[in-house]
Structures are given as C-alpha cells and as structure tokens.
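K.L.:
First the structure, then my questions, so here it is.
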Amino acid sequence: MAQVRETKLPGVGVRHDFTTEDGTDVGVLVHRDGRREVLVYDTDDPDACTSFVSLSAADSRTISELLGASQVTEVVAAVQQTIEGLAIEWIELAATHATTNTTIGDGQYRTKTGASIVAIIRENESIPAPGPDFALLGGDVVVAVGTITGLAELRDLLRA
Amino acid sequence: MLIAAGSSEVALGFIELGALIFALALLARFAGRFGITAIPLYLLAGLAVGEGGFVQIDVSVEFFDLGAEIGVLLLLFTLGLEYSESELKNGLRTGLAPGLFDMVLNALPGIGLGLILGWDPLAALLLGGVTWITSSGVVSKVLADLGRLGFRETPAVLNLLVIEDLAMAVYLPVVAALIVGGTVLATVTSVAIALATVATILLVAVTYGRRLSDLIAGGTDEAFLLTVFGITLLVAGIAQQLEVSGAIGAFLVGLALSGRAEERAETLISPLRDLFAAMFFLFFSFQIDPADLLDAAGPALALAVVGILTKMATGWYAAGRTGAGPNGRMRAATVVIARGEFSIVIAALGSELVDGPELGALAAGYVLVTAMVGPLATKFADHIPIPAILSQRHTAANAPGSTV
C-alpha cells in the first residue's frame, strides 16, 4: 500500500493524501461534520487540486463498498454462504423408545439421512463425538448437524 | 403593552430597524454574488445613515447600540469556539515562528503610523492590532467558496489564523486592561489579573473543557441555545464589572466549550452572530463622521498598501515553510490580506480614548480596502505575475512534479 500522508486542517478537519501508482496525487478531506471530499491534485501546480465529489458520511460508506474496501466482508460472506445450507438440531428421545439400547451404528443414521450425530446430552452431561457403538437411551438429547431435510429425516427415524 | 397600544414610536422603531436590516440583506446578497465579504459594505451603509450621512436614524439607536455590543460578544465567542484545544496546542507548537513573523511585520506599521500621527501610545498599540489581525471569518469563507480547503498551502494559512487567535487571547485582555488605566500600579495589577484569568480559563478549558461541555451539551436546540447565550452574556457582564472587557469574557466562554457542545454552539449561535455582528459593523461606522473618514482617507490608504504587502509577505513565508510552490505561496499570500471583524472590534475597544474617533475612522478605511482587495486578489492569484527573484529558487524543485 502507498504511504498515506496526514495533514490536520484546524477548524476544518483532516486531509489524507497519497501518490497513486501512475504518479497522481489523490487525497480525501474529511470535514468535522463527517462530510468527505475526494481531491485530485494538479500535475502542473502540485499545490492545487480539484474536488471531484463531496460525500456525506453515508455516501462515503457506499463509495468505499464500491471501491472494494469490503474484501474482508466478502470473505466473511462466503463463509456464511457455505454454512447457510447447514443446520444444527437438538432432538430429544422419548423415555420409552424403540431406539433405546440400539447403537448409533445400528441405526445407520448418517447413511440414511446424511446428518451426523455430533454429540449426546445425557443427564446434563454432554458426550462429544459419540462413536458408532455408542448406545442411545431414552431421555437422551441428540445433537446433529446436516441439511434441513436430512435433519427432518433423522428426527423422524429417532422418534419413530 | 406598547405594541398593543399602537405606540407610534414603536411603529417608527420597527420601520427603521426593518428598513436597515433589509438594506443589510441586500448588501449581503450583493457581496455574495461577487464573492467578497459584506463587512466593508455594512461599514459603508453605517456611514450613510450616520451623522452627516444621507438618512438619519434616531428611534432605534438605543436598540442598535445594545445589539452592536451583543454582536461583539458573539464575534469573540465564535472566535474562541473556532478551534479545539488540540488544534490550539498543535498550533502553538508548529506555528510560533510564522506567528512572530506575522506579528512583527503587521503590527509595527500600525503602531508606527499611530506614533507618527502623534497619538497616545495606547491608541497606537490598538492601531497595531487593527493592522495585524487577519479576518479569520473572511479567510475561511473565501477558502471554502473557492474550493481551496484541500490545497497544500491551506494548512499553513489556517495555522496562521490559529496563532493569531491565540495571540488575541493575550493581546485583547492586555489592551483592555490598559484602556481602563489608572495609576501605573493599578494598570499593572489589572493586566496581571487579566492575564491570570485567561491563563486559568485556558488551563481549565484544556483539562476539564470536555467534561464541563458535556454538562451543558444535551437538551433540545432551544434549551441549548438559551443556555449558551445566557452563559456568554452573564460571563461577559461579570467580566465587564471586574473591568476586564466583556468581549474577553465571551471569548473565554467560547474557548472553554469543546466536543459536542462546541459543534452545537457553532451551528446554533452562527445565525444569531450574523445578525448581531451586522448590527455591530453598521453601528461602528454609524458613529464615524464621514468628514473624519475623508480626513483619514490618505493615511488609511497608505496604511492599507503597507498592510497588504506585509500580510502578503507573511502568507508567502508561512506557505513556503510547508513546501508550497510559487503559485501556492501567492495564493496563501493573497488570501490572508483581508482584515475585518477583529480589526473593527479592536478599534471599538479604543472608542473612548482621546484619539478614538480618528482610530475608528482609520480602522474603517483600512478594513474597507483590505477586505475588498483580499478576496478579489486571491480569486485571481494564479494570474498575478510572481517576480522572477521570488520564483527562481523553486522552479527547479517543482520540475519533477510537472513532467508526469
């Protein structure tokens, strides 16, 4: 990134400017009230500049989005997108239940629904990452991750 | 009650006031169209309605007198308000050299002329203040109107204004105390008291300003406006009672405000200030006998020519220190020419002196010329030929920038 110079303007605000890769001096004048002016300096008279546009605080946010200041935001958005198709669900088993004393492996839940059981909560204790030979009991809470439809199918199987 | 009774005096007062303010409005519009300040036009209007002028006002004189006094208070209040404490600290650190250069070069011609005219040294000192202080109101307006706030020479100009602002914080109380006068001991005491008061308030403003300001910063616009206006008048009144000028009191209130209170005061008090300040300028020249102004025309013009050149040298030097090129230095040199509100305020301080009327007339003439020439000269600064000796040193330095 180019070196940015800061100049304080008493009674007015602050000016930041830098030299672009093609050698033009560009600056932003931030007024005390949050208004911003984009400045481009003259090549013949390097002290003079033209104010290209005057922006309100809200306009400035829009412009900075358009200029791609949001690269960080884009990455975060991408992560959210991948998570968006997934869901997490807590499924409580009935006290007397058909699945009681069957293991997770027996049920073939992941094969049937695509949803994974990531933890079991039994009597206020959580048991993370239960193996295929873990036996379910009535009253267990099954924590599962999967697609919305996958989780719905899992719920049907466990409560059947 | 009076209005209900349909008193003819009140009716006449309204008509006089209305007509005058309307005339000022026309002048302000006219000045706005040509991009110059309205202050010289207000002064001319005051001459026209004053003694020996075209029209006489009588009924509303008392109201105008009080309005003018309030105008001075609000002018100084907003001068104090203009810069935050960090800007003042920063200005003091970086702007001392140009500030001293400015003071010596621009105050001496006034003091010198005063002494040559055989005035009392105090009146000469006041004339020095008149010739010294650039109008920050005119300069910041001109810079904004011409779109020059982003220019590289502008910080040098603004810093010069900050330093002058700080200098006024010392100069005004000292001359105000000197004017009150009395024995040598009494004068020394009152100067010391004035300086100590200013120092204390400055210290309080820098340390606790934010907290004090937060106390009053809230409330509706109406409540806030009345609070600030009330405090300003109260402090000014008390200062006047203590024989420190009321204007200094108002200035210190402005200095003490910071943060949100400062921002709100700036937007809310400005319209009020514009109204009362217009009355002040009008009333100032209203008191001047046009015959006195004619007598003062010669010295005023000579002083204005010197004042223009010394201010240009100051601006040229200050901009050069920050590395501006010849064009930038010429713009800085011309923009600071304008003297205005504070020259008139200083002259008004001395109105009770023996040489007061002459001082007033000279200051009015001086401000008339410089306030008109400054904005126009800076508008066309890029077309002013720069003497070869001045520009030579810098052409080489600027060459790389212009080849891009």
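K.L.:
Across the protein assembly as shown, how many lysine pairs, 8 or more positions apart or on different chains, have C-alpha atoms separated by under 27 Å? Please give the number.
P.N.:
9
K.L.:
Please work out the FRET efficiency for the pair residue B:11 and residue B:221, using the Cβ-Cβ distance as r and a Förster radius of 51 Å; give the result to the nearest 0.05.
P.N.:
Computed FRET efficiency for residue B:11 and residue B:221: 0.95.
K.L.:
For residue B:22 and residue B:65, what does the FRET efficiency come to when R0 = 25 Å and r is the distance between their Cβ atoms, rounded to the nearest 0.05?
P.N.:
Numbers: r = 20 Å, r/R0 = 0.80.
Calculated transfer efficiency: 0.80.
K.L.:
So with the 1.4 Å probe, I'd like the accessible area per residue for the protein assembly as shown, rounded to whole Å².
P.N.:
49 Å²
K.L.:
Sort out the exposed loop chymotrypsin sites (Phe, Trp or Tyr not before Pro) in chain B (DSSP loop, at most 10 other Cβ within 10 Å) and tell me the longest stretch that has none. Before the final figure, lay out each step's value.
P.N.:
On the way: sites that count: B:54, B:380.
By the stated rule (loop sites, at most 10 other Cβ atoms within 10 Å), B:55-379.
K.L.:
Over chain B, what is the relative contact order in percent, taking alpha-carbon pairs closer than 8 angstrom and at least six residues apart? Let's see the in-between values first.
P.N.:
On the way: 589 pairs, mean separation 113.6, N = 404.
Worked out over chain B, it gives 28 percent.
K.L.:
Pairwise over distinct Cα atoms, reciprocal of the mean inverse distance: report the Kirkwood radius of chain B in Å, one decimal place.
P.N.:
Numbers: mean 1/r = 0.0454 Å⁻¹.
Answer for chain B: a Kirkwood hydrodynamic radius of 22.0 Å.
K.L.:
Does the range B:36-194 come out rounded, prolate or oblate, given a ≥ b ≥ c as the square roots of the eigenvalues of its C-alpha gyration tensor, rounded meaning a/c under 1.5 and, failing that, prolate meaning a/b above b/c?
P.N.:
oblate
K.L.:
Right, here's the next one. Using a ≥ b ≥ c from the Cα gyration tensor of the range B:41-128 (square roots of the eigenvalues), is it rounded, prolate or oblate, where a/c under 1.5 gives rounded and otherwise the larger of a/b and b/c decides, a/b for prolate?
P.N.:
Since a/c reaches 1.5 but b/c is at least a/b, the shape of the range B:41-128 is classed as oblate.
K.L.:
For the range B:155-293, what's the relative contact order in percent, using C-alpha pairs closer than 8 Å and at least 6 residues apart?
P.N.:
Here the relative contact order equals 25 percent.
K.L.:
Just need the relative contact order of the range B:289-368 here, percent rounded to a whole number, with Cα pairs under 8 Å and 6+ apart.
P.N.:
In percent, rounded to a whole number, it is 40.
K.L.:
Mind checking which of B:277, B:196, B:338 has the largest fluctuation in a GNM of chain B, springs on alpha carbons under 10 Å?
P.N.:
Fluctuation is largest for B:196.
K.L.:
Using a Gaussian network model on chain B with a 10 Å cutoff between Cα atoms, which of B:375, B:40, B:155 fluctuates the most?
P.N.:
In the Gaussian network model the winner is B:155.
K.L.:
Also, quick follow-up: Where does the protein assembly as shown land on Rg(C-alpha)/(2.2 N^0.38 Å)? The partial results should precede the final answer.
P.N.:
Working: Rg = 34.6 Å, N = 564, 2.2 N^0.38 = 24.4 Å.
With N residues counted in the protein assembly as shown, Rg over 2.2 N^0.38 Å equals 1.42.
K.L.:
For A:31, A:16, give me the order by solvent-accessible area with a 1.4 Å probe, most accessible first, ignoring ligands, DNA and RNA.
P.N.:
Per-residue accessible area, sorted high to low, gives A:16, A:31.
K.L.:
Given R₀ = 41 Å, FRET efficiency for residue A:145-residue A:8 by Cβ-Cβ distance, to 0.05? It would help to have the intermediate numbers written out before the result.
P.N.:
Details: r = 53 Å, r/R0 = 1.30.
With R0 = 41 Å, the Cβ-Cβ based efficiency is 0.15.
K.L.:
Moving on to the next point. Go through the range A:10-27 and flag every residue whose accessible area shrinks by 50 Å² or more with all protein chains in place compared to the isolated chain (probe 1.4 Å).
P.N.:
A:10, A:15
K.L.:
Give me the distance between the Cα centres of the range B:197-269 and the range B:71-96, rounded to whole Å.
P.N.:
Here the answer is 13 Å between Cα centres.
K.L.:
Something else about it: Considering only protein heavy atoms and a 1.4 Å probe, what is the carbon-and-sulfur percentage of the accessible area of the protein assembly as shown?
P.N.:
The nonpolar share, carbon plus sulfur, comes to 65 percent.
K.L.:
Amide H neighbours of residue A:49 under 5 Å, counting only residues 5+ apart in sequence or on other chains, H built in-plane at 1.01 Å?
P.N.:
A:42
K.L.:
Which one of B:68, B:23, B:45 has the biggest mean-square fluctuation once chain B is modelled by GNM with Cα springs under 10 Å?
P.N.:
B:23
K.L.:
Right, another one. Could you tell me which of rounded, prolate or oblate describes the range B:253-342, using a ≥ b ≥ c as the square roots of the eigenvalues of the alpha-carbon gyration tensor, with rounded for a/c under 1.5 and, failing that, prolate when a/b is larger than b/c and oblate otherwise?
P.N.:
Oblate is the answer for the range B:253-342, as a/c is 1.5 or above yet b/c matches or exceeds a/b.
K.L.:
Show me you know the interface measure: the accessible area buried between B and A, both chains summed, probe 1.4 Å, in Å² to the nearest 100.
P.N.:
1900 Å²
K.L.:
Now, a different point. Need one value for A:33-46: mean number of C-beta atoms belonging to other chains within 10 Å of its residues' C-beta atoms. Can you show the working numbers first?
P.N.:
Details: counts 3, 0, 0, 0, 3, 1, 4, 1, 4, 4, 4, 6, 12, 11.
Across A:33-46, the average partner-chain Cβ count within 10 Å equals 4.
The values are calculated or read from the model by the stated rules, or taken from the named source; none is laboratory data. From a predicted model like this one, the values you see are computed outputs, not experimental measurements. Neighbour counts are summed over all protein chains in view; Cβ atoms, including those assigned to glycine, are modelled from backbone coordinates with ideal geometry. Quick note on the areas: whole protein, heavy atoms, side chains included, nothing else; ligands and nucleic acids left out. Shrake-Rupley method; radii C 1.70, N 1.55, O 1.52, S 1.80 Å.
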